[in-house]
Structure formats: structure tokens, C-alpha cells
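Below is one structure, written out as C-alpha cells, with a few remarks after it.
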Amino acid sequence: MRGVPFVGWEPTRWAIGIYTGDSPLSLSPSGTKNPVLTAADVADAPATFVADPFMLYENDTWYMFLEVMNAATNQGDIAFATSDDGLNWTYEQIVLDEPFHLTYPYVFKWQDEYYMVPESHEVDSIRLYRAVDFPTEWSFVGTLLEGSGYVDSAVFHFNSMWWLFTSFGGSDTLHLYCADELLGPWIEHPESPIIEGDANIARPGGRVLVFDGRIIRYTQDDEPTYGNQVRAFEITELTTTSYEEKEVSQNPILEPSGTGWNARGMHHIDPHQVDEGKWIACVDGYGDRLVFGLKY
């Protein structure tokens, strides 16, 4: 029997891209060859996908930390990649591998130290790591919160306080905590949960930005399906007793393109300002790829 040639599309897993623009609320893939990282780039594990990227810029080099879904263990590990220009990336290696699933490697620098808060919902805790030899060696420092399956936790510093967004018990609820010190003790905000029963705007979807006196939080829009698109909200009031936010007019910030690597959905963003009116962001998405074959 002779096969009939065909060309078609098949679903792909999560991959990572780069967007640029004039603000963290107006970004596009213009001028970038996306995706910049896929599972095929992972050299030290049999990866099924890469996702949840966070970046730092240090000593003229971009460092991207990301989840690698390891098919050998069926769990996520944390790896990193590097770039000279933020557009062209080289996968390096896995740097954090625990006996439990890790994802969402929220990295930040504070008082000349590098920290990471990866998601570790399988052990019902939010764990803090510090780099002992950046970017390759990380050591567990302590537990910020425990007792629930916290997902996609976002830590930031504002007005001499530490703040933490997290979700647990589903993608439709957003909790807020505050602390005087990074290691706590962390206290739940009196208005928390900030959001209940709304999967469109609750679950964190990337770094919380504090810039020019503004605070922007990104959220996964998980309706009608998980990982649909990303929206943003500006926090207009944040104290230990009050919380107010408003939706930005540019929403959605990220949405599926309808074709290619991010055809079906996007659910994460980490923007960084590189110059006046110039921003770069790592994002993720999943979609379709063009395949060729024979039908019999």
C-alpha cells in the first residue's frame, strides 16, 4: 500500500518566547524568532516541555530560569539559559532538582544576594532558596508558608514591607500575605483572599512589577481552559490593612496567536525595562507545529 503525503498541524507542549515593546503592558513578538527555547534544547534531561521563565540581567548577561518537565522522573526541575542580547538563548543546565515537583522559579536580587521562590506545591509549602554560587548552585534557606498546596507564588518588596501573592485550592482564588522580613513571619492580609471564585483573574501569571511608583500584577486567565491568556491589574492601594486594584485597559496582555508555537494559549510573563520606553519580556505558550507525513 502506498501512502498519501499530507501536511498538517499537531498540538505542541509549552515553549518559551521573547516579546518586546514600549511598556510592560504593550508587548509583542515583533523582531524575535520564537520560540527561543523548547524541550529539544534541553541537553541534560529527557524533557517534554519548558515553561514558567523568569529573568535576571547581571554583568552584561541575561539569565533565564525555567521549568524543565523531566520525563525520566515525571516532575519539574529548574534549569537556566543565557543570552547576550535577550533575543538569542543558549540552554545551560538543570540547577535545582528536588525529590518533588518544582516549577515557576521566581528569581530576584535583594541586598546583593540572589534568591529563588520556586513552586513546590507537592510538599505543601513555599520554599526560599539562595544562590551560593550564582547561577548554578542554590541552597534551601527556609519555609515562608506551609500547610497548603501553594501554586505560582509571587514575592515583592514595597514600602519597606514584603508582600506575597499565592493561590491554593484552585485557580480561582488569590491570597495575599505580608511580612517585615523576607523569612517572615508571614501574616495573611485582612482583606485576603483578594479574589474568590474567579479563574479569569486570580492565579499569578508572572513577576509583580514595582516601577515608577506603580505596582502591576499579572494573572493567568484560566477560563475557559487552563493557560488561556494573561491579564494585568494595577494595584492602586496597598497597606497592611487595605488593598485596591484596577484592571488595565490594555488587557489581555498576552493571548494565543492562533498559529504556531503559541496558537492555543499563553500563561506567563516576566517583563524587564532595558531603556527608556524599551521593555523585554520572557513569556511562554503552547500551540501547534507543522508536520509532514504519509496517510495509509
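The values are calculated or read from the model by the stated rules, or taken from the named source; none is laboratory data. The structure presented is a predicted model; accordingly, all values stated were derived computationally and were not measured. Neighbour counts are summed over all protein chains in view; Cβ atoms, including those assigned to glycine, are modelled from backbone coordinates with ideal geometry.
Summary table below
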| read-out | value |
| --- | --- |
| Any hit, the stretch 280-289, residues being of a type outside the set (A, V, I, L, M) and surrounded by fewer than 13 Cβ atoms within 10 Å (Cβ to Cβ) | no |
| Members of the stretch 249-279 found to be among the β-branched types (Val, Ile, Thr) and surrounded by 18 or more Cβ atoms within 10 Å (Cβ to Cβ), listed by number | 253, 269 |
| Qualifying position, being among the hydroxyl-bearing types (Ser, Thr, Tyr), under 17 Å from residue 150 (Cα atoms) and either under 15 Å from the mean Cα position of the chain (by Cα) or modelled with pLDDT of 95 or more (or both), among 114, 104, 91 | 104 |
| Selection count, the stretch 109-142, where residues are of a type outside the set (Gly, Ala, Ser) and either surrounded by fewer than 17 Cβ atoms within 10 Å (Cβ to Cβ) or more than 24 Å from residue 218 (Cα to Cα) (or both) | 18 |
